[in-house]
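A short worksheet on the structure shown next.
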Amino acid sequence: MKVPFMDVKSEHQPLRADLLKAWEEILDGAEFVGGARVERFERSFAEFCEVGHAIGVGNGTDALLLALEALGIRAGDEVILPANSFVATAEAVMHAGATPVFADIDPKTYTVDVNQIEAHVTSRTRALLPVHLYGQPADMTPILEIAARHGLRVIEDCAQAHGARYHGRRVGSIGDVACFSFYPAKNLGACGDGGAVVTNDSATAEKVRKLRDHGGLRKYAHDVVGYNSRLDAMQAAALDLKLKHLERRNAMRRQHASEYDRLLAGVDAIIRPFEPKGINGAYHLYVIRVENGNRGDLQKFLSEHDVQTGIHYPTPIHRTPAFSRFKAQHCPVTEKYSSEILSLPIHPELTGEQVEYVSLLIGKYVEAVTSELMAR
Ligand SMILES: *Cc1c(COP(=O)(O)O)cnc(C)c1O
């Protein structure tokens with residue numbers, strides 16, 4: 001049985017006719033960048049996130065950059081973020097001219113360790129940038145408390161968590177501002193690049209609107225030095241169609257996750273994801289941990305049996321060449337886990353049989369390793 005890590009092709013099959021119809025209308029209307037389609041999607045996405053404003057932008061990295069700039073983060077400022085994230089989180093901080101300060105992750109949830117944030121706060125700290133990693137919301141209540149205590153802004157990186165809830169609240173509606181990516185592989189993906197900034201604050205929303213389109217709200221009104229980071233109509237139309245299926249598709253991911261949980265429960269050598277009470281994660285990824293240096297071996301074994309897996313992420317951001325100037329920032333949990341984590345397929349197109357097959361293979365592998373150890 002073949003088990004692909006993702007199946008973006010099949011995802012679009014049932015939407016094909018509707019997508020082509022929408023795209024044909026756009027082609028005929030020639031309103032390609034911004035316009036009514038984009039505004040319609042912005043309204044639906046704001047409503048979905050339970051916030052006042054959503055602003056479509058070019059991609060998730062730009063969403064972060066524009067949000068940071070809209071909050072006034074600039075050169076000399078420090079922003080605290082987790083060392084375990086996609087590199088874009090830190091890139092945006094750098095592009096805003098600010099300095100990333102890497103905090104370690106919680107050993108159980110893999111999101112930023114709220115007990116370590118305050119140790120990193122200095123007189124230069126301006127913002128906290130928690131990431132709802134793998135679709136699981138970071139622990140926002142203590143994060144908001146720390147921010148209030150030190151007068152910091154909070155930016156949520158929601159690129160992997162569209163639709164997740166934290167104690168009933170949608171991610172994206174909790175901090176000062178939040179950023180989404182619509183890269184095709186995300187829980188809500190475009191047919192190309194796309195992103196959004198969401199916020200309840202109308203002043204921040206207006207700043208982002210200006211920044212995304214050359215610094216103004218109207219043609220040739222350049223109030224600030226902005227960017228070209230707009231969402232296009234083709235993507236907005238696709239996103240609007242796909243948004244209607246997001247809740248159902250997230251529920252399918254959760255269903256697969258609970259199947260994995262059940263089937264892997266007896267496999268002691270495998271550490272399953274931990275979802276604290278009150279959290280309703282979006283399961284962008286299902287990440288297990290394999291201790292004792294066996295991750296590579298297990299990945300190879302699964303690959304030999306046609307099961308594709310991933311690693312998110314193989315190198316902590318501060319250990320990548322691009323961020324080598326921060327390599328002295330020690331994050332021991334992130335560093336240890338980067339060689340132990342393995343992402344299993346969890347996309348909605350998976351079948352129950354495939355989840356069972358993957359789990360069975362993992363059980364088999366662990367059994368083989370254990371008996372080999374005992375025979376020694
Ligand atoms: C994907 C992702 C981004 C960047 O989004 P792009 O649309 O690829 O620019 C940022 N942060 C996290 C956590 C991501 O997973």
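Per residue, the chain exposes an accessible area of 45 Å² to a 1.4 Å probe, with every protein chain left in place.
Each eigenvalue of the Cα gyration tensor of the stretch 8-243, multiplied by 5 and square-rooted, gives one semi-axis; in descending order these are 30, 21, 14 Å. Under the convention that each Lys and Arg Cβ holds +1 and each Asp and Glu Cβ holds -1, the size of the dipole of the chain around its Cα centre is about 340 debye. Label reach from ILE311 (point 7 Å along Cα→C-beta): in the stretch 326-360, amide nitrogens under 20 Å belong to 327, 331-346. Within the accessible surface of the stretch 246-375, defined with a 1.4 Å probe on protein heavy atoms only, the carbon and sulfur portion equals 52 percent.
Once the Cβ-Cβ distance between LYS364 and ALA185 is put in as r, and R0 is 35 Å, what FRET efficiency do you end up with, to the nearest 0.05? In this case the efficiency is close to 0.75. Using a Förster distance of 45 Å, how high is the FRET efficiency between GLU24 and LYS108, based on the Cβ-Cβ distance and rounded to 0.05? The formula returns an efficiency of 0.35 here. Measuring between alpha carbons in the structure, the pairs from LYS21/LYS210; LYS210/LYS244; LYS207/LYS242; LYS21/LYS242; LYS108/LYS327; LYS2/LYS186 lying more than 26 angstrom apart are LYS21/LYS210; LYS210/LYS244; LYS207/LYS242.
What is the packing order of peptides 171-182, 268-279, 13-24, taking the mean over residues of other C-beta atoms within 10 Å and listing the highest first?
Values: 171-182: 27.8, 268-279: 15.6, 13-24: 12.5.
The packing order, highest mean first, is 171-182, 268-279, 13-24.
Normalising the average separation of contacting C-alpha pairs (under 8 angstrom, six or more residues apart) by the number of residues puts the relative contact order of the chain at 22 percent. Shape verdict for the stretch 102-214, please, from the Cα gyration tensor: rounded (a/c under 1.5), prolate (a/b greater than b/c) or oblate. Note, shape of the stretch 102-214 comes out oblate. Taken about its Cα centre, the stretch 246-375 carries a charge dipole of roughly 680 debye when the Cβ of each Lys and Arg holds +1 and the Cβ of each Asp and Glu holds -1.
Excluding same-chain neighbours fewer than eight residues apart, the aspartates and glutamates reachable from LYS364 by a Cα-Cα span under 14 Å are ASP268, ASP297, GLU304, GLU356, GLU372. With a ≥ b ≥ c the root eigenvalues of the C-alpha gyration tensor of the stretch 246-375, is it rounded (a/c under 1.5), prolate (a/b larger than b/c) or oblate? Note, shape of the stretch 246-375 comes out oblate. Near ALA203: Cβ cut-off under 14 Å, other residues only, Lys/Arg at +1 and Asp/Glu at -1. The net charge is -1.
From the square roots a ≥ b ≥ c of the eigenvalues of the alpha-carbon gyration tensor of the stretch 4-69, which class results: rounded (a/c under 1.5), prolate (a/b over b/c), or oblate? Numbers along the way, then the final one.
Details: a/c = 1.85, a/b = 1.26, b/c = 1.47.
Oblate, because a/c is 1.5 or more while a/b does not exceed b/c.
In terms of solvent-accessible area of protein heavy atoms at a 1.4 angstrom probe, what is the ranking of GLU335, GLU372, GLU206, highest value first? Write down the numbers at each step before the final one.
Details: GLU335 35, GLU372 110, GLU206 90 Å².
If we order GLU335, GLU372, GLU206 from most to least accessible, we get GLU372, GLU206, GLU335.
A simple spin-label model places the labels of ASN292 and LYS9 3.9 nm from each other, with each point 7 Å out along Cα-to-Cβ. Averaged over residues, the count of other Cβ atoms within 10 Å places the peptides 317-323, 30-36 in the sequence 317-323, 30-36, highest first. Run lengths n ≥ 4 of DSSP H only: what is the helix-derived mean residue ellipticity at 222 nm for the chain, with -39500 (n - 2.57) per run over all residues, to the nearest 500? For the chain, the value works out to -12000 deg cm²/dmol. Sorting GLU259, GLU91, GLU247, GLU47 by solvent-accessible area of protein heavy atoms yields GLU47, GLU247, GLU91, GLU259, largest first, with a 1.4 Å probe.
The values are calculated or read from the model by the stated rules, or taken from the named source; none is laboratory data. These figures come from a predicted structure and were not determined experimentally. Cβ sites come from the backbone with ideal geometry, for glycine too, and all protein chains shown count toward neighbours. Only protein heavy atoms, including side chains, enter the accessible area calculation; ligands, DNA and RNA are left aside. Shrake-Rupley method; radii C 1.70, N 1.55, O 1.52, S 1.80 Å.
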